[in-house]
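**Q** Take a look at this one; I'll ask things after.
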Amino acid sequence: MDKVVDINYFELFAGYALMLIPVLILWYYKTGLVKDTIVSTIRMTIQLLLVGVYLEYIFKLNNAAINIVWVVIMSLIASYTIIRRTGLKFRLFFIPVLFSGIISIAVTDAYFLGYVIKLNNIFDARYFIPITGMLMGNTLRTIIIALDAYYIRIDEEENYYRWHLANGATHNEALHPFMRDALKKAFNPTIATTAVMGLISLPGMMTGQILGGSEPSVAVKYQIMLIITIFSSAIMNVVLTILFSNRIAFDAYDNLKKDIFRK
């Protein structure tokens, strides 16, 4: 197959003309989001250009220790982003979110890269780093939604929670409906998107593989497994995050601590 067509830097920056459409719409309706949109776009550009530069070196070195350190750094950044996007206190929830993310990533990476693909080295940079990055990136939104939905609903419906306890439910049993509601809110959009993904669009990884020269049949098989892996990792991550954070969110009398929320 022909080599993928490169985009030179002049063409890349010419493509930013497309941003005039959302910026003008946001400006016309006085949303107050024009500045944030421009700043976010600039930050995204700088970050991705830097990532492109040092990933080239990481791929050439292909050192397991360096690859693991890079993933740990990504985990730290992802955990920071999750907490900052929720209404919860950073110092209380950072460790539970970080550990949950590392555990879920380790389990799904080991199974997908080690058993399904059968890599001799599961820390191979060309597989380990981009796939782990996709797992993290696709779980951020679900964890943010789930954490907010879970703790805010418990706080707002404390009488309902206490009613379960008063009627003989254990702490975990009383929290069950709140966990169920958080999972439904976090994963309903994901399930809907998964159901029609192959019909309405070519997902990012699949598009990248086809542009890179892979046969469509190979790209499809990778995409199927990636969707399954991302969904499994996200579910595991959300549940572990909530279970771990429950240990610090409730007092000895099973009351939700009010100081877990940012004011």
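**Q** From the list Ile242, Ile154, Ile224, exactly one residue is in the same structural domain as Phe128 (by TED's automatic domain parsing) and modelled with pLDDT under 95. Which is it?
**A** Going through Ile242, Ile154, Ile224 in turn, just one is in the same structural domain as Phe128 (by TED's automatic domain parsing) and modelled with pLDDT under 95: Ile224.
**Q** Still on this structure, please answer the following. Just checking, which of Leu26, Leu55, Leu33 is surrounded by 11 or more Cβ atoms within 10 Å (Cβ to Cβ), within 30 Å of Leu240 (Cβ to Cβ) and either of a type in the set (Phe, Trp, Tyr) or not assigned by TED's automatic domain parsing to the domain that holds Ile129 (or both)? If you could, list the steps in order and put the result at the bottom.
**A** Numbers: Leu26 fails: within 30 Å of Leu240 (Cβ to Cβ); Leu33 fails: within 30 Å of Leu240 (Cβ to Cβ).
Step by step, each of Leu26, Leu55, Leu33 is checked, and only Leu55 is surrounded by 11 or more Cβ atoms within 10 Å (Cβ to Cβ), within 30 Å of Leu240 (Cβ to Cβ) and either of a type in the set (Phe, Trp, Tyr) or not assigned by TED's automatic domain parsing to the domain that holds Ile129 (or both).
**Q** Which residues, counting only those in region 120-177, are touching a residue at least 24 places away in the same chain (Cβ under 8 Å), of a type outside the set (D, E, K, R) and farther than 30 Å from Met225 by Cα?
**A** Tyr151, Ile152, Ile154, Tyr161, Leu165, His171, Ala174, Leu175, listed by residue number.
**Q** Have a look at Asn67, Asn120, Asn138 and point out the one that is in a loop (DSSP other than H, G, I, E, B) and in the same structural domain as Arg247 (by TED's automatic domain parsing). Spell out how you get there, then give the answer.
**A** Working: Asn67 fails: in a loop (DSSP other than H, G, I, E, B); Asn138 fails: in a loop (DSSP other than H, G, I, E, B).
Among Asn67, Asn120, Asn138, only Asn120 is in a loop (DSSP other than H, G, I, E, B) and in the same structural domain as Arg247 (by TED's automatic domain parsing).
The values are calculated or read from the model by the stated rules, or taken from the named source; none is laboratory data. Note that the coordinates shown come from a computational prediction; the quantities given were computed from them, not determined experimentally. Every residue, glycine among them, receives a Cβ derived from its backbone with ideal geometry; neighbour counts consider all protein chains shown.
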